[in-house]
Every structure is written in C-alpha cells, then in structure tokens.
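See structure below.
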Amino acid sequence: MKKTYLKQSYFVIFLCCLFLNGLAQKKAEFYLKGVIQSTGNEGVSGATLLLKDGSSGKILNQRESGGDGTFSFTVVAGNYIVSVSYLGALSYQSDLIRLTGNTDLGMIQLKTTARSLKEVVIQTSASKPVIQVDGRKMIYNVQNSISAQGGNVLEALKKNARSDCEPE
C-alpha cells in the first residue's frame, strides 16, 4: 500500500515539474501595431503587410490592413522588419525594429504613384472557332468551349444549342 502511494506521489511530482517547465519556457508575447494611410490621410484597406525576421529577411507572417487601415501582429521579443505593399502605391519597408515590449509604429503613409497604360491588347489563344460548318457537317470544338470545361462529352453537347442528343 505504501509503495503504491509512494509511486503515485512521485508521478504527481513528475507531472507538476513538466507543467512548470512548460510554463517557464513560454515566451512573452507582445503586439506590433500601426495604421496604413494614403497621401490624403485616409486609412488604406487591404494593404498587404509582411512581417520579416530582422536578420534573415524570412517572412514570418502576412496580414492585410483592416477597413480603417489598422494592423496588428502578435510576436515574441526580437528583431523585425515590416513591409507594406498596395496597388497604386510605392512599397514601404521599415527600418529594423527591436521589439522588447508592445510597440505602436503609428502612421505609415504610402505614397501613391500615377501610372497609365499606353495600350491594352486582348488576344484569344483559340486557333479554331467553337463551331465550324463544313459543307453538310457541323464541327463542335469542345476544347475551345468555355461551357464544356469540367464536364464530359455528353454534357458539352447538351449545352450546345445546335445539337440534340439523348443518352441511349
């Protein structure tokens, strides 16, 4: 009886040590936050933010800014770089951030760029039309039909208004 009690006591002490060791190894988490603004001082919604390791440049986390331009990362103490990109604006990259506690980067202002296209050309990759008439024959090129994508031959022919087919 005493041996069983002693074994149970050792087991409980062992579990307590494991639990306390796990708590001791958990690193404190901090937040890194800020606001993305346009040159008109309006919040930029949907800007892409990358949190990178300060020494290796490896991407650790990716986020989009909220509707009012706000963002927040939860991280442990360390060195980081924040990169911001948005369509129609110049990309932004912060200096090295040495994070030892909660940090507010404040306002990050993106500079807009004015770009215009000289020309837009829309080309088709299809070499044959979807339906060809050759004398008394009608040829239906399934590979060029958008409505035939993801189905079988019978479904493709049913979707073609000029053909009448029923399964046997």
Please determine, by comparing only the residues of the range 1-54 that are among the polar types (S, T, N, Q) and either in contact with a Gly (Cβ under 9 Å, 6 or more places away or on another chain) or assigned to a helix (DSSP H, G or I) (or both), which one is modelled with the lowest pLDDT. Gln25
Flag if Ser116 is modelled with pLDDT under 75 and within 30 Å of Gly40 (Cβ to Cβ): yes
Quick check, is Tyr86 out of contact with any helix residue (DSSP H, G or I) (no Cβ under 6 Å at 6 or more places or on another chain), of a type in the set (Ser, Thr, Tyr), at pLDDT below 90 and buried (at least 16 other Cβ atoms within 10 Å of the Cβ)? yes
Is it the case that some residue within the range 78-92 is of a type in the set (Val, Ile, Thr) and under 18 Å from the mean Cα position of the chain (by Cα)? yes
Residue within the range 95-107 that is within 24 Å of the chain's Cα centre (by Cα), part of a loop (DSSP other than H, G, I, E, B) and surrounded by 12 or more Cβ atoms within 10 Å (Cβ to Cβ) present: no
Qualifying positions in the range 44-63 - surrounded by 14 or more Cβ atoms within 10 Å (Cβ to Cβ) and either out of contact with any strand residue (DSSP E or B) (no Cβ under 6 Å at 6 or more places or on another chain) or outside the structural domain of Leu105 (by TED's automatic domain parsing) (or both): Ser45
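Quick check on my filter: what residues within the range 64-94 are among the hydroxyl-bearing types (Ser, Thr, Tyr) and not in a strand (DSSP E or B)?
The answer is Ser65, Tyr86, Ser91, Ser94.
The values are calculated or read from the model by the stated rules, or taken from the named source; none is laboratory data. The structure displayed is predicted, hence computed values, not measured ones. Cβ sites come from the backbone with ideal geometry, for glycine too, and all protein chains shown count toward neighbours.
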